[in-house]
Amino acid sequence: MASLEIDALNKTYGSVRALRDMTFDVRAGEIFGFVGSNGAGKSTTMRIVLGVLAQDSGEVRWDSAPLGPDTRRRIGYMPEERGLYPRMKVGEQLVYLARLHGMDTAAARASMERWTETLGIEERRGDEVLKLSLGNQQRVQLAAALVHEPDILVLDEPFSGLDPVAVDVMSGVLREQAAAGRPVVFSSHQLELVERLSDRVGIVRAGSMVALGGIDELRTTEHRRWAVDGPPDSAWAAGVPEVRVLESSGTTTVVEAAGTGPDEVDQAVLRAALAAGPVREFSLVRPSLTELYRDVVAADVPAEQVETEEGAA
Amino acid sequence: MSADRSLGSGAAIRLVAGREIRTRLASKAFIWLTLAFVVIVVLGGLLFKLTGSSSDPQQVAVTTDAAGAADQVKATATGVGVDVVTREVPDRAAGEKLLSSGDADALVVATSPTLEIVVKQDLSDQLGPVFGSLAQQLALSGAVTDLGGDPAEVAQAVATAAPTVTALEPEPERDGGQIAAGVIVGILLFIALMNAGQLVAQGVVEEKTSRVVELLLATLRPWQLMAGKVLGIGIVGLVQLVLIVGAAVASSLGFGVLDSSSLDVGAIAVWALVWFVVGFAMFALVLAALAALVSRQEDIGSVTGPVIALMIVPYIVGISIAPYDPESTIVVVMSFIPFAAPFIMPIRQALGAVEGWEVAVSLGLSIALIPVLVWLAGRVYSNAVLRAGGRVKLKDALGGR
């Protein structure tokens with residue numbers, strides 16, 4: 001199956017190393033969420049994929065072949081800095097962009113009509129972009145990324161500035177595109193959204209990928225934790241030597257087992273707690289993407305340096 | 001789904017140029033500007049014709065008392081090169097009436113003992129020499145008569161006396177039509193090049209300011225975008241100039257204002273268009289590259305200023321010196337310098353003051369420079385156009401850093 005491979009990209013701007021061996025791949029039919037703080041290298045990576053920026057080293061491949069102009073023309077791109085001709089009519093503009101991507105006039109027109117309808121802006125085809133509300137301009141921008149029926153989608157912050165309804169529309173489009181077998185890469189700071197939409201997530205810090213994998217995979221931690229809503233920990237925790245109590249508030253106790261412990265330690269915890277009294281809730285505690293992100297991005301980086309990186313964005 | 005998405009450079013440039021042409025032709029500014037120029041050119045031709053025919057003969061009234069003076073006035077006027085019509089009036093009062101109504105420019109009331117003229121306000125510049133000369137002749141013939149000679153014979157000899165002049169380097173004949181054509185060609189080319197050049201600069205910055213360039217360059221190479229833009233705006237500028245020059249040629253032929261001139265209007269018009277194309281290619285490339293250095297419309301002036309100065313200097317020389325002194329060294333030298341040639345060479349051509357080989361050399365120099373400019377402009381444009389924010393230094397853009 002075809003996949004978009006980003007292989008060891010490096011890029012330096014002056015004295016700033018924007019990318020260090022950035023590597024990941026996005027498979028066909030997969031939604032890939034790209035997260036990281038401002039200036040971490042997400043936009044730089046996407047711009048290199050589009051050929052808008054040249055890498056110092058490394059390679060981008062589609063279907064095992066290096067990306068050339070003809071393949072790039074099959075990418076749907078939404079740049080971080082939104083951009084359209086302000087004084088050009090919506091319909092004309094979309095047809096023009098589709099034709100620049102190699103479509104003939106008839107196909108471009110049909111596709112423009114289809115996408116403006118799907119995105120609910122068919123009434124605005126004859127209006128200059130300038131005259132549209134910000135939300136509608138965003139829809140036109142998405143239409144501009146999709147109008148040439150791309151085989152690959154690269155969307156930089158597609159959700160920023162969208163109202164909740166537009167977020168749903170955008171999420172739906174992303175799912176449809178992936179279901180049609182296209183690889184979809186998008187970046188976002190809205191981590192709940194990334195967690196909900198993505199099949200796989202990549203977290204970048206200072207120009208390199210620091211965590212990469214399926215959502216479930218990433219949430220699986222080395223040390224497993226369980227929350228027990230039942231008898232107080234003093235009544236049972238000592239009976240399970242493999243675990244230690246992390247915290248207890250009210251009737252809920254959180255215990256953690258070192259990663260090396262036996263798999264069935266959860267059953268031992270549950271049995272010990274039940275023996276001490278009734279248990280109303282017992283669950284595996286898994287970190288959310290937000291928590292993971294904080295761990296990963298903050299780890300090993302002194303606070304001061306993080307600030308500098310953000311300032312450089 | 002994986003349709004063939006190849007897009008050759010030719011097709012890409014055509015698409016970009018097509019958008020420029022459609023956008024510009026539909027803009028109100030373009031339509032009004034072109035219309036205004038066509039109207040100005042046609043009205044100018046009309047005005048030229050009307051004022052041209054106002055060099056009517058000078059009307060000189062002669063009283064019956066001085067009736068004999070009429071022939072002398074005409075003869076003297078012919079000698080001085082002034083067109084004069086005389087008419088006889090019964091008396092001084094009738095003549096003065098004609099003066100105050102403006103039907104006569106001067107009234108001759110007596111020829112002896114001295115020549116006596118009545119005018120409304122003052123003697124016109126044309127009639128001054130006529131009467132001055134006539135007064136001398138009358139005084140002379142008085143003296144000749146006193147000496148016993150024949151005044152008519154002497155007058156004849158005096159009137160036909162003229163020096164024989166031998167010119168070592170005769171200047172080619174230049175008439176008013178040629179000078180007017182030279183000035184008009186100079187002004188038109190300046191306005192057309194300035195206007196089209198500004199459109200290129202604004203277009204480049206517009207794409208940068210609106211960030212649409214990022215979307216475009218995801219599918220186009222920078223040089224394709226630049227070439228398409230320059231080509232599209234160039235075609236629009238050429239269409240505009242063809243309309244205006246066409247109107248100028250049509251009105252000059254239609255009103256017959258150049259009937260007496262040795263000007264070949266058709267050839268001048270075609271040369272003006274040729275020089276526009278050459279000049280536009282040079283200035284548009286330079287302006288596109290420089291405009292790519294800035295990110296805001298307000299900053300355009302700071303990078304295009306020097307280029308505009310490069311246009312204004314030859315333009316001033318072109319219309320203020322060239323039509324009156326086409327052989328002056330500065331005019332001749334500048335007509336060969338690539339960026340100045342488009343403003344000056346067509347004026348020299350309109351004046352008929354240039355050899356064929358000079359035009360060929362000048363044109364050749366300008367055309368030879370274009371590939372160098374394409375390379376330089378392509379490099380600067382490619383390196384600068386995606387850098388948003390502040391102004392990119394020309395040195396950095398050239399060096400590709």
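Apart from one condition, A:Thr221 fits all of (1) under 30 Å from A:Asn136 (Cα atoms); (2) β-branched (Val, Ile, Thr); (3) surrounded by fewer than 17 Cβ atoms within 10 Å (Cβ to Cβ); the exception is (1). Being of a type in the set (A, V, I, L, M) and closer than 30 Å to B:Ala353 by Cα narrows it down to one residue among B:Ala104, B:Ala162, B:Ala94, B:Ala157; which is it? Residue meeting the stated conditions: B:Ala162. Scanning the range A:107-119 for residues that are over 18 Å from A:Arg73 (Cα atoms) and within 14 Å of chain B (Cβ to nearest Cβ) returns a single hit, A:Ala110.
Answer yes or no as to whether B:Ala77 is at pLDDT below 85, touching a helix residue (DSSP H, G or I) at 6+ places or on another chain (Cβ under 6 Å) and among the hydrophobic types (A, V, I, L, M, F, W, C). It is true that B:Ala77 is at pLDDT below 85, touching a helix residue (DSSP H, G or I) at 6+ places or on another chain (Cβ under 6 Å) and among the hydrophobic types (A, V, I, L, M, F, W, C).
Out of everything in the range A:116-138 that is out of contact with any Lys or Arg (no Cβ under 9 Å at 6 or more places or on another chain) and in contact (Cβ under 8 Å) with a residue 12 or more places away in the chain, what residue ends up being surrounded by the most Cβ atoms within 10 Å (Cβ to Cβ)? Walk me through how you get there before you give the answer.
Taking the range A:116-138 and keeping what is out of contact with any Lys or Arg (no Cβ under 9 Å at 6 or more places or on another chain), we get A:117-118, A:122-123, A:133-135.
Subset that is in contact (Cβ under 8 Å) with a residue 12 or more places away in the chain: A:118, A:134-135.
Working: A:Thr118: 17, A:Leu134: 10, A:Gly135: 13.
So the residue we want is A:Thr118.
For B:Leu43, state whether it is at pLDDT 85 or above and either away from chain A (no Cβ under 14 Å) or part of a loop (DSSP other than H, G, I, E, B) (or both). Write out each step before concluding.
Working: at pLDDT 85 or above: yes; either away from chain A (no Cβ under 14 Å) or part of a loop (DSSP other than H, G, I, E, B) (or both): yes.
Criteria met by B:Leu43.
Considering only residues in the range B:205-221 that are polar (S, T, N, Q) and farther than 24 Å from B:Arg5 by Cα, the one that is nearest to the other protein chains (Cβ to nearest Cβ) turns out to be B:Ser210. Output yes when any residue across the range B:55-68 is surrounded by fewer than 19 Cβ atoms within 10 Å (Cβ to Cβ) and closer than 30 Å to B:Val185 by Cα, and no when none is. Looking through the range B:55-68, at least one residue is surrounded by fewer than 19 Cβ atoms within 10 Å (Cβ to Cβ) and closer than 30 Å to B:Val185 by Cα. Within the range A:87-108, residues that are outside the structural domain of A:Ser133 (by TED's automatic domain parsing) reach no partner that is in a loop (DSSP other than H, G, I, E, B) and not basic (Lys, Arg) with beta carbons closer than 7 Å at six or more positions or on different chains.
Residues to consider are B:Leu287, B:Leu293; find the one that is in a loop (DSSP other than H, G, I, E, B) and either among the β-branched types (Val, Ile, Thr) or over 18 Å from the mean Cα position of the chain (by Cα) (or both). Before the answer, list the steps.
Details: B:Leu287 fails: in a loop (DSSP other than H, G, I, E, B).
Result of the check over B:Leu287, B:Leu293: B:Leu293.
Just one of the numbered conditions (1) assigned by TED's automatic domain parsing to the domain that holds B:Gly237; (2) touching a Ser or Thr at 6+ places or on another chain (Cβ under 9 Å); (3) surrounded by fewer than 11 Cβ atoms within 10 Å (Cβ to Cβ); (4) of a type outside the set (S, T, N, Q) is not true of B:Gly44: (3).
Give me a count of the residues in the range A:154-168 that are under 20 Å from A:Glu117 (Cα atoms) and either part of a strand (DSSP E or B) or touching a residue at least 40 places away in the same chain (Cβ under 8 Å) (or both).
Going through the range A:154-168, the residues under 20 Å from A:Glu117 (Cα atoms) turn out to be A:158-159, A:162-168.
So of that shortlist, the ones also either part of a strand (DSSP E or B) or touching a residue at least 40 places away in the same chain (Cβ under 8 Å) (or both) come out as A:158.
Going through the range A:154-168 one residue at a time, the tally reaches 1.
The values are calculated or read from the model by the stated rules, or taken from the named source; none is laboratory data. This is a predicted model, so every value here is computed, not measured. All Cβ positions, even for glycine, are placed from backbone atoms using ideal geometry, and neighbour counts span all protein chains on display.
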